[in-house]
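Just so it is clear, none of the values below were taken in a lab; they were calculated from the coordinates. Source: prediction; values computed, not measured. Note: ideal-geometry Cβ built from the backbone for every residue, glycine included; neighbour counts use all protein chains shown.
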Amino acid sequence: MRIETLLAQLGNGKDHTGAVSYPIYPSATFRHPALGESTGYDYSRSGNPTRQVLEEAIAQLEKGKRGLAFSSGMAAIANCLSIFAPGDHIIFCQDLYGGTYRLMEQIYKPLGLTATYVDTRWSHKIADAVTEKTKAIFVETPTNPTMHITDLRALNKLCQEHSLLLIVDNTFMSPYLQQPIELGAHIVVHSGTKYLGGHNDVVAGLVVAATEELGEKLYFMQNAIGAVLGPFDAWLLLRGMKSLALRMEQSQTSAQKIAQWLQEHKAVEQVYYLGLPGHPGRDVHFEQARGAGAMVSFAVREEKKVEEVLSRVQLISFAESLGGVESLITFPARQTHADIPEELRQQTGVTSTLLRLSVGIENVDDLIADLEEALG
Ligand SMILES: Cc1ncc(COP(=O)(O)O)c(C=O)c1O
């Protein structure tokens, strides 16, 4: 079945009652039929029926072997980093979500992991950064917020040569547009808070392992650390995911129109959107994904415009997130990427004139009218 069908049918008929919407099982614990026997569920940190339906769903959608659901995207990423040992080295893409950078620098570095941040648009730069201690490469493609593209097939070859794990944060694309495991990734992570949830009403994280063995390792950490997603939130995520294909199509079509409109605007210096012909990573991107997505970043000509835009938007909310039905605008240098040092931010283009727009499903002409008003 195609992904639109899988999405719409998530959870349907998986329960003995015939429920079309899979039930929420809030039970923290489960009765044992007898000593040494189990219904398959013992305690909800270790496994919960509602969470399990979601975990199986994301594994199927990402074409992996095991899915795991967490209380946030950061908890999912922390769980992945927990499988490494002191002394291990990880290569990250330079233009990385600020929370991931903070987690690595302030939590895992003091615990003995080491990291190098590389411009992963260039395969030779990644190869140069590999050392004897390197165990994994962690990338976002497209990156957040400057839309740099990493060639996942080339990276997979490099990982095979050096026996490295390839971890892809697929939050920006969702499995509807990109399935990194098919391109050679070993682990896929998501902030489920974004496109998968899709309604700005739940914080969640997901991990998918390409193999059973890796899945077991990650499950051990999930159960041991315990940052699991609660059953109510697992249900909300399942419900949101049912309409992922429709939401993504609508948002993407509008994002294309908005990016083209922004490109013509006098106050705008540069637009970062994969759907625009001049984007340098476009060819590679469209070989590994089936759409440009719905995130549009743009740099305004004057720094003072940033504050003007953020205070003037009415329909578009000035708020820190992305991927929901409501359009949001963010100022990455002061919000999502505030924990990245100024020098590194400048290198990757996360400047004090850059704004990031998450295009929702509103009427595109209303969104453009709001931007027109805000840009002046
Ligand atoms: C690309 C990316 N990865 C991970 C995260 C972290 O997810 P969460 O906020 O659900 O913890 C975010 C959040 O903005 C993100 O944009």
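A few notes on this one:
- Once the Cα-Cα distance is subtracted from the 0.36 nm per residue extended length, the Asp339 to Ile83 segment shows a gain of 89.8 nm.
- Cα centroid separation, the range 23-66 to the range 144-218 (Å): 23
- Förster radius 56 Å - calculated FRET efficiency between Glu307 and Ala19, Cβ distance, rounded to 0.05: 0.70
- Label separation (Leu111 vs Gln160): 3.2 nm, computed from points 7 Å beyond Cα along the C-beta direction.
- Mean Cα-pair separation over length for the chain, i.e. relative contact order, pairs under 8 Å, 6 or more apart, %: 18
- Using a Gaussian network model of the chain in which every pair of alpha carbons under 10 angstrom is joined by a spring, one finds that among Ala234, Ala78, Ala209 the greatest mean-square fluctuation is at Ala78.
- Gyration tensor (alpha-carbon) shape descriptor, the range 46-178, a/c threshold 1.5: prolate
- Hydrodynamic radius by Kirkwood, which averages 1/r over all alpha carbon pairs of the chain, in angstrom: 21.2
- Shape call, the range 146-280: gyration tensor on alpha carbons, a/c limit 1.5: oblate
- Once the Cα-Cα distance is subtracted from the 0.36 nm per residue extended length, the Ser27 to Asp365 segment shows a gain of 117.0 nm.
- Of all DSSP-defined beta bridges confined to the chain, some 55% are antiparallel rather than parallel.
- Counting only lysines at least 8 places from Lys135 when in the same chain, those with an alpha carbon closer than 25 Å to its own are Lys63, Lys65, Lys109, Lys125, Lys157, Lys217.
- Subtracting the Cα-Cα distance of Asp283 and Ser352 from their residue separation scaled by 0.36 nm leaves 22.0 nm.
- Near Tyr97: Cβ cut-off under 11 Å, other residues only, Lys/Arg at +1 and Asp/Glu at -1. The net charge is -2.
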